[in-house]
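> Please read through the structure below; I'll follow up with questions.
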Amino acid sequence: MNSVIMSEASTNQWDFWRIYRILRKRIWLILAAVIITVGTAVVGLQFFGRQYIAYRYVQPSESILRPPGDRASSEERGARDRKLATLLQLANSPGVAEMAMTMTYADISAAGEEVAPGRASVAVLSDVGLTREEIVEMRQKNRIQAQVNTASGESGRVNTDLIVFVARAPNPQQAKAIVDTFTVAFKRFYEEYSRQSLRANVNFLKREVESARAKLDAKEKELKELRQQKGIVDLQSAVQGDYSILTPLRQKAEELQTQLASTRTLLAEKRRQFAQTPETLPDPAGKTVAAQELEKELATLTTQYTSMRGTYTEENPIMQQLQRRIREVQQKLQEEERNRPRVTNAAYLSLREEIRTLEAKERALATELAQTLAQVSKYEQRLAGYRGLDVDIQAATADYQMLLDSYNRLFNQYQAALLNLNANTESFITLMGQTSVEGPVRAGPNPMQVIIAAILLSLFLGIGIAVGLEVVDNTVKTTADAQQLIGLPVTGVIPRLESGDSYVLPKITHVLPASPHAESYRFVGEDILLTLEEHPNIRSIMVATVRPGQGGTSTIANLAITLAQGGKRVILVDGDMRRPSLHKVFNVSNDVGLSSVLSNGLQIAEVLRPTEVDNLVLVPAGPIPKNPWQLLRSQKMQEVVDALEQSCDIVLFDTPSAAVFADASVMASLVDGVVVVVRANHIPRGSELQVRHLLNKAKVRLLGVVLNDAAPEMVDSYYYHSHYYHTNGKGELPPPSSGKPSSGAKPVTVRQAKSRRVSAPKAEKPAETEKTHIVPVDPNARVEVRREDVLGKEESGGRV
């Protein structure tokens, strides 16, 4: 269990450091994203012009926020807030906006204020240069809106009972005109909305007053007739007591009936309005361009039709054609309206709330009326037992008095409702003061907030792009990438030389043996040495590259130096006869070489060149032949490989690109092992698998992969080496050696071959009787070695 946890922790840590390396590698991309985004935001802010802000407060009356009968309680604030929310929806509704567009200077002028001649009937918004489309656009962008005013309280910001209209426009005249028209339109819109209910109540009370007057007149006539009769006596005290109780009960019942009838009439009116009020309205912000064009066309056609009515009759073809076109446009406009998005109707919500309140009031009045009528019936039954003229007179008098009181009450209610209907709207909505204008101020969002948002956005964007590029980047960067690409274990990783002294790299293990690059090559060499101990029959190794420029020459040169420094006698053969370069690395002559042995019949010993590295001999490529592949396929090449394997501990071959030339596949069939070199940060194109397929067909042992030119931060040995020795990881490299061998260099011996191919392990020490030939130190001196001493007497052609 603990091992699983440790494995998951190491995986998470690896992911973290991998992301860290990615961000560090592409820090320039993230910085560029930040600079570009912030710069764009700063430049974009300059395009926001100046604007003026106009505002005006509106105070709803207490009768609106808390209707009569409501009690102050802990729920009152919530109820007031809900009512304010309903008023706010009404203030921001399309109906108020439509009415505001029709407001004239006479409409918005205060009482007693004079309007300039000729401007009373001029629409205010049109006069200041605002069109219907501009008003709709400003409402869509919340540049015209009504909101509840807030103030600081003990629990933070709390709502007040004020509604503030705010408008933002490029000039102060437009901003002020918008607020003036919208506040007056809101006041009148609510006035008309409220008076619909008041008118219904006035009409109902008028009918009730007329009915009560008729009943009163009839009862008065009946009472007069009874008084004209004779024999009027006083009522008994019991009868008088019952009538004293019955009369107020009847009055109360009359009042309850009147209130219940009034409530039911008002409820019926509200239900009628509710049934006619749509739940949703077309969203002005969702009006399509086609609908706007149709409205303009309809207005134009209507104007033409009106102007031509005085000239042509209705039967005129021109007028009929205009009528048909108007109907077509109206039908298309209706279709567009049906497809527009819809928003909640504030009037619908307000009516629904009022209906619920009236229904509750109706139920309460009906219950109380039923109880009162039950008491009235009780006392009427008691009085029915009395007989006599006095009872009739008392009953008639009581009925008359009750009808008179009912009539007076209804008449007073009617007068109050009539006054309320004709009252000024200040009793409902109060416009507080004049419109205030501030500015100019910078339009658009807050600059600091924009810059902070731009920085955060650019950081996320830059990090996302950096990680995304790393995800889609299929170049070889790590050992895992190389191993997955070739399908072989990675035997070593060579870091990139960042000092700029690239000419030192092919011999860095000799020139700078303490550098981290030399240490990386030693890891490769140590892996080869361990392989030789495990498989003693491996005597020759070839370094293959997939494409040119992969670093195969530098790898094999440093590998040869490392093995020689490790005590192995090494012969390095430049098998790249197409573009030889090892003679330049070790500063030897290329006049003769491998091509001379294969084509001109020179002895192999004649082309051996000592180097400045002890135990290391170089066979240069020699003059470039016409067909290197043909020479490598010859029997002579097989003999040369066998002879060299018997003359040293290990033979290393450099070859051209395996995917470009067939030379590498030929050499692979002649050697005992192959090391593949892959350069980091190169995009694989499929040739890697092709090369591996060719090497497998050659039946050669694939010893591993060397990842060359890897990023230093991806190589742990490079990082820890530089910190361990307290040196600069890039290294201040000294100038390379002159390339001339020292006077104290050890001679290299070339032993006589016993057969063409020996698979058995070689002896650890050559026998004393075995003939050896000393290779002179001077690379330009001719080597006098008999051919049969190297290739065998039976195959010698008699050449000395």
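The values are calculated or read from the model by the stated rules, or taken from the named source; none is laboratory data. Because the structure is a prediction, the values reported are computed rather than measured. All Cβ positions, even for glycine, are placed from backbone atoms using ideal geometry, and neighbour counts span all protein chains on display. These area figures cover heavy atoms from the full protein model, side chains too; ligands, DNA and RNA do not enter into them. Shrake-Rupley method; radii C 1.70, N 1.55, O 1.52, S 1.80 Å.
> Quick one: which residues, 5 or more positions from A443 or on another chain, have an amide H under 5 Å from its amide H? H modelled 1.01 Å from N in the peptide plane, none for Pro or chain starts.
G49, R50, Q51
> For a quick check: with amide H placed at 1.01 Å from N, whose amide H comes under 5 Å from L618's, ignoring anything fewer than 5 positions away on the same chain?
Amide H neighbours of L618: L572, R609, T611.
> If you don't mind, another one. Could you run the Karplus curve 6.51 cos²θ - 1.76 cosθ + 1.60 with θ = phi - 60° over the range 465-472 and give me ³J(HN,Hα) per residue in whole Hz, x for Gly and Pro?
Values per residue, Gly and Pro as x: 5, 4, 5, x, 4, 5, 5, 7 Hz.
> List the residues, sorted by chain then number, that are 5 or more residues from N708 or on another chain and whose placed amide H is less than 5 Å from its amide H.
Close amide H contacts, sequence-distant or interchain: I494, V678, R679, A680.
> Something else about it: Quick one: accessible area per residue over the range 238-403, 1.4 Å probe, rounded to a whole number of Å²?
Ligands and nucleic acids excluded, the figure is 58 Å² per residue.
> Let me ask something additional. List, in order, the whole-Hz ³J(HN,Hα) value for each residue of the range 91-96 obtained from phi through the Karplus relation with A = 6.51, B = -1.76, C = 1.60 and θ = phi - 60°; use x for Gly and Pro.
5, 9, 6, x, x, 5
> Apply 1/(1 + (r/R0)^6) to the Cβ-Cβ distance of Q321 and K296, taking R0 = 25 Å, and write down the FRET efficiency to the nearest 0.05.
Computed FRET efficiency for Q321 and K296: 0.85.
> Next question, about the same structure. Put a dot 7 Å past each Cα toward the Cβ at Y305 and T357; how far apart are the dots in nm?
4.2
> Which FRET efficiency, nearest 0.05, do I624 and V471 yield, Cβ-Cβ r, R0 45 Å?
Efficiency for this residue pair is about 0.50.
> Quick one: if the Förster radius is 30 Å, what FRET efficiency do T160 and A261 give, using the C-beta to C-beta distance and rounding to 0.05?
0.15
> A further question on this structure: Order of 85-91, 130-136 by packing, highest average Cβ count within 10 Å first?
Highest-to-lowest ranking by the protection proxy: 85-91, 130-136.
> Ordering Y193, Y105 by how much accessible area each has at a 1.4 Å probe, largest first, what is the list?
Output order, biggest surface exposure first: Y105, Y193.
> On to the next question. With a 1.4 Å probe and every protein chain left in place, tell me how much accessible area V38 has, in Å² to the nearest 10.
Ignoring ligands and nucleic acids, V38 comes out at about 30 Å².
> Let me check something: with ligands and nucleic acids excluded, how do R338, R382 order by accessible area (1.4 Å probe), largest to smallest?
R338, R382
> Going by the alpha-carbon gyration tensor, a ≥ b ≥ c the square roots of its eigenvalues, is the range 238-403 rounded (a/c under 1.5) or, if a/c is not under 1.5, prolate (a/b greater than b/c) versus oblate?
Prolate, since a/c reaches 1.5 and a/b exceeds b/c.
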